[in-house]
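J.: Below is a structure I'd like to ask you about.
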Amino acid sequence: MHHFSRIDGALHAEAAPLEAVADAVGTPAYVYSSATLKRHYGLLREALDDHKAALGDALIAFAVKANSNLSVLATLARLGCGADTVSEGEIRRALAAGIPADRIIFSGVGKTDAELAFAIDAGVRQINIESGAELDRLIAVAASKGAAPAIAIRVNPNIGAGGHAKITTGGATDKFGVPIEEAIPLYARASASPHLTPVGLACHIGSQITTLAPMEAAFHTLRGVAETLRAQGHSVARLDLGGGLGVPYHGQTDLPSIADYVAMCARVLDGLEVEAAFEPGRLLAANAGVLISRVIQVNQRADGRRFLVLDAGMNDLMRPALYDAFHDLVPVRPREGELQAYDLVGPICESTDIFARDRMLPPMQAGDLVAFMSAGAYGAVLSSEYNSRPLVPEVLVDGDRWAVVRPRPTYEDMWAREPKAHWLQTLP
Ligand SMILES: *Cc1c(COP(=O)(O)O)cnc(C)c1O
């Protein structure tokens, strides 16, 4: 559920009219709802607090890669949310947004020595190790600092899941994590090092997962590895269950609820006496954002095909081009009239710059304002200035107030980032 709804026929973000936001900020622009972010975080927090016996004082570490806007992170930080990060830049963002280091997890398949050193110095809660090679480098970096950072081993449970092959991470051939057989000796090796403090295991098998069964199977596997390690005398205090729970992009009503998901996790970990961590990205942010755009024109072909040419392109919202993702498109103030089929396209010179085919919409005209729904996760973070289109701005709404939390750059801003080579600064 989310807080984008119609008031007197026009779509609003909470109490803010999207028409007014578009008039002030221009289009395309992302608009986020604080109330939706807070509601999703609150539902997860409540469900976890109902299962403290099995999950301990569970940490919610928002996957920053889903939406890294500083005001979005600051909204979550004020609720007590932590961060799951995959680069030095994301650790810095989380810290800048007010998320304390002891709630920051550092994940990722290719962390550089410099990034590992930064994470140690920042004092992050835990570094999730994804390979033996990375473990060796972390030992060397930690030794050079006389440190012993907390680590978890990310296990690849050989159970891939997710809404698309390109967002699956837990299969045997995926690059992520350590196979089960290797995880046990690796944990022993970490325990033997005076420069590491192994605290537990992690897994994350994919994204936009719409049934609980694959996650349940992966968590059972993770539990089994934890029990084997304990039987060998190792301490396993934390299990990081990753993110990946799917959200209703199509208005589906058959997805597992947050409560069902947490109850399943509690069932699997019951009696293990670990502290759980969760790394939701999409779950918190997807339905908390829309991308607003204006119709540039309608191209009507003689064969009947209608292209709705929008001022948002694949550089602003990449998910459909990247993994055939579905985003509902709604007119902000729909006209009266029969539904018609439109192909939704952007202005970019690429044939992948198409959002959808044959969408049924009321009659559309040039200048109409539309909203791509559920665009709050993996939207703005993936945007670029391809075709020299200024980076799409971001707006955060809270009740009837709203603020531009990432302005659209001017062309002068854009050129200023590209100093000319010194031999090209004067005319020939
Ligand atoms: C991307 C990612 C997440 C978040 O995934 P969602 O599907 O957005 O919940 C969590 N953990 C790790 C390690 C990730 O790479």
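J.: Evaluate the relative contact order of the chain (contact order divided by residue number), counting alpha-carbon pairs under 8 angstrom at least 6 apart; express in whole percent.
T.: Numbers: 960 pairs, mean separation 83.1, N = 428.
That works out to 19 percent.
J.: Before rounding to the nearest 500, sum -39500 (n - 2.57) across all DSSP H runs of length at least 4 in the chain and divide by the residue total; then give [θ] at 222 nm in deg cm²/dmol. Each step should come with its number before you reach the end.
T.: On the way: 13 runs with 128 residues, N = 428.
Using -39500 (n - 2.57) per qualifying helix, the result is -8500 deg cm²/dmol.
J.: Name the most mobile residue of Val72, Val155, Val404, meaning the one with the largest mean-square fluctuation, in a Gaussian network model of the chain with Cα contacts below 10 Å.
T.: Looking only at Val72, Val155, Val404, the biggest GNM fluctuation is shown by Val404.
J.: Taking 1 over the mean of 1/r across every pair of different Cα atoms in the chain, what Kirkwood radius in Å do you get? Kindly include the intermediate steps, with their values, before the conclusion.
T.: Working: mean 1/r = 0.0436 Å⁻¹.
About 22.9 Å, per the Kirkwood formula over Cα pairs.
J.: Let me see the pair-distance distribution of the range 116-167: every alpha carbon pair, 10 Å bin width, integer percents in order.
T.: That works out to 22, 43, 21, 13, 1, in percent per bin.
J.: I've got another one for you. Can you list the residues of the range 18-52 with backbone N under 15 Å from a point 7 Å past the Cα of Asn387, pointing along Cα to Cβ?
T.: Within reach of a label on Asn387, which here means backbone N under 15 Å from a point 7 Å along Cα→Cβ, the range 18-52 contributes 27-29.
J.: Take the Cβ-Cβ distance between Arg267 and Val404 as r, set R0 to 56 Å, and report the resulting FRET efficiency rounded to the nearest 0.05.
T.: 0.80
J.: So how exposed is Glu394, as accessible area in Å² (1.4 Å probe, rounded to 10)?
T.: 10 Å²
J.: Now for a separate question. Please find, in a Gaussian network model of the chain (springs between Cα atoms separated by less than 10 Å), the residue of Ala13, Ala231, Ala63 whose mean-square fluctuation is greatest.
T.: Residue with maximal mean-square fluctuation among Ala13, Ala231, Ala63: Ala231.
J.: For Lys65, list the lysines whose Cα falls under 24 Å from its own Cα; do not include residues on the same chain fewer than 8 positions away.
T.: Counting by Cα, and skipping residues close in sequence, Lys65 has these lysines nearby: Lys38, Lys111, Lys166, Lys175.
J.: Another question, then. Just the accessible area per residue of the chain, please: how many Å² with a 1.4 Å probe?
T.: Working: 17880 Å² over 428 residues.
Here the residues of the chain average 42 Å² of exposed surface.
J.: Using DSSP, restrict attention to beta bridges with both residues in the range 34-284 and report what percent are antiparallel, rounded to the nearest 5. Mind dumping the intermediate values first?
T.: Numbers: 1 of 28 bridges.
Here the share of antiparallel DSSP bridges comes out near 5 percent.
J.: Treating the Cα atoms of the range 303-362 as identical point scatterers in vacuum, please give the log10 of the normalised Debye intensity I(q)/I(0) at q = 0.19 Å⁻¹, two decimals.
T.: Those come out to -0.70, one per q.
J.: Determine the sum of side-chain charges near Gly9: Lys and Arg each +1, Asp and Glu each -1, restricted to other residues whose C-beta is under 13 angstrom from that of Gly9. Display every interim value, and only then the final one.
T.: Details: positive: Arg6, Arg333, Arg335; negative: Asp8, Glu19, Glu336.
In short, 0.
J.: When all protein chains stay in place, what accessible area (Å², nearest 10, 1.4 Å probe) is found for Thr112?
T.: Rounded to the nearest 10, that gives 70 Å².
J.: Which order do Thr36, Thr27, Thr253, Thr197 take by accessible area at a 1.4 Å probe, largest first? Kindly include the intermediate steps, with their values, before the conclusion.
T.: On the way: Thr36 0, Thr27 30, Thr253 135, Thr197 60 Å².
My answer, sorted largest first, is Thr253, Thr197, Thr27, Thr36.
J.: Rounded to the nearest percent, how much of the accessible area of the chain (1.4 Å probe, protein heavy atoms only) is carbon and sulfur?
T.: Working: 9370 of 17880 Å².
It is 52 percent, rounded to a whole number.
J.: Now for a separate question. Could you let me know the centre-to-centre spacing of the range 84-136 and the range 348-375, using Cα atoms, in angstrom?
T.: About 38 Å separates the Cα centre of the range 84-136 from the one of the range 348-375.
J.: Turning to a different aspect of this structure: With charges set only on the Cβ (+1 for Lys and Arg, -1 for Asp and Glu), what does the dipole of the range 247-327 come to about its Cα centre, in debye to the nearest 20?
T.: On the way: 7 positive and 10 negative charges, 138 e Å.
With only Lys, Arg, Asp and Glu charged at Cβ, the dipole is about 660 debye.
J.: If you take the Cα Rg of the range 324-428 and divide it by 2.2 N^0.38 Å, with N the number of residues, what do you get? Walk me through the intermediate numbers first.
T.: Details: Rg = 18.5 Å, N = 105, 2.2 N^0.38 = 12.9 Å.
Cα-based Rg divided by the globular estimate yields 1.44.
J.: Could you run the Debye sum over the Cα atoms of the range 34-284, one equal point scatterer each and no solvent, and tell me log10 of I(q)/I(0) at q = 0.11, 0.13 Å⁻¹, two decimals?
T.: -0.53, -0.76
J.: Return the distance in nm (one decimal) between the two label points of a simple spin-label model at Val330 and Ala188, each offset 7 Å from Cα along Cα→Cβ.
T.: So the two model labels end up 5.7 nm from each other.
J.: Expected output is a single nm value to one decimal: the length gained when fully extending between Arg230 and Thr173, i.e. 0.36 nm times separation in residues minus the C-alpha distance. What is it?
T.: Details: separation 57, 0.36 × 57 = 20.52 nm, distance 2.78 nm.
Gain in length upon complete extension: 17.7 nm.
J.: Where does each of Tyr411, Tyr378, Tyr261 land when they are ordered by accessible area, with a 1.4 Å probe and the largest first?
T.: Values: Tyr411 115, Tyr378 30, Tyr261 10 Å².
Heavy-atom accessible area, descending, gives Tyr411, Tyr378, Tyr261.
J.: Same structure, new question: Any idea what log10 I(q)/I(0) is at q = 0.16, 0.29 Å⁻¹ for the range 146-204, Debye with uniform C-alpha scatterers and no solvent?
T.: -0.54, -1.10
J.: Same structure again: Out of all Cα-Cα pairs in the range 1-144, roughly what percent, to the nearest whole number, are more than 28 Å apart?
T.: Percent of Cα pairs beyond 28 Å in the range 1-144: 35.
J.: Under a crude label model (7 Å from the Cα following the beta-carbon direction), how far is Arg137 from Asp102 in nanometres?
T.: My value for the distance between the label points is 2.9 nm.
J.: I've got another one for you. Would you calculate the separation in nanometres between label points at Arg301 and Met1, each defined as 7 Å from the Cα along the Cα-to-beta-carbon direction?
T.: Inter-label distance under the simple model: 4.3 nm.
J.: Order Met373, Met215, Met1, Met318, most accessible first, counting only protein heavy atoms with a 1.4 angstrom probe. Provide the component values of the computation, followed by the final result.
T.: On the way: Met373 20, Met215 0, Met1 115, Met318 60 Å².
Descending accessible area places them as Met1, Met318, Met373, Met215.
J.: Rounded to the nearest 5, what % of the DSSP beta bridges within the chain are antiparallel ones?
T.: Details: 33 of 67 bridges.
So the antiparallel bridges amount to about 50 percent of the total.
J.: Please identify, among Gly206, Gly146, Gly132, the residue showing maximal mean-square fluctuation in a Gaussian network model of the chain using a 10 angstrom Cα cutoff.
T.: Fluctuation is largest for Gly146.
The values are calculated or read from the model by the stated rules, or taken from the named source; none is laboratory data. This structure is a prediction, so every number in the text was calculated from the model and none was measured. Every residue, glycine among them, receives a Cβ derived from its backbone with ideal geometry; neighbour counts consider all protein chains shown. Accessible surface is based on the protein model in full, side chains and every heavy atom, while ligands, DNA and RNA are left aside. Shrake-Rupley method; radii C 1.70, N 1.55, O 1.52, S 1.80 Å.
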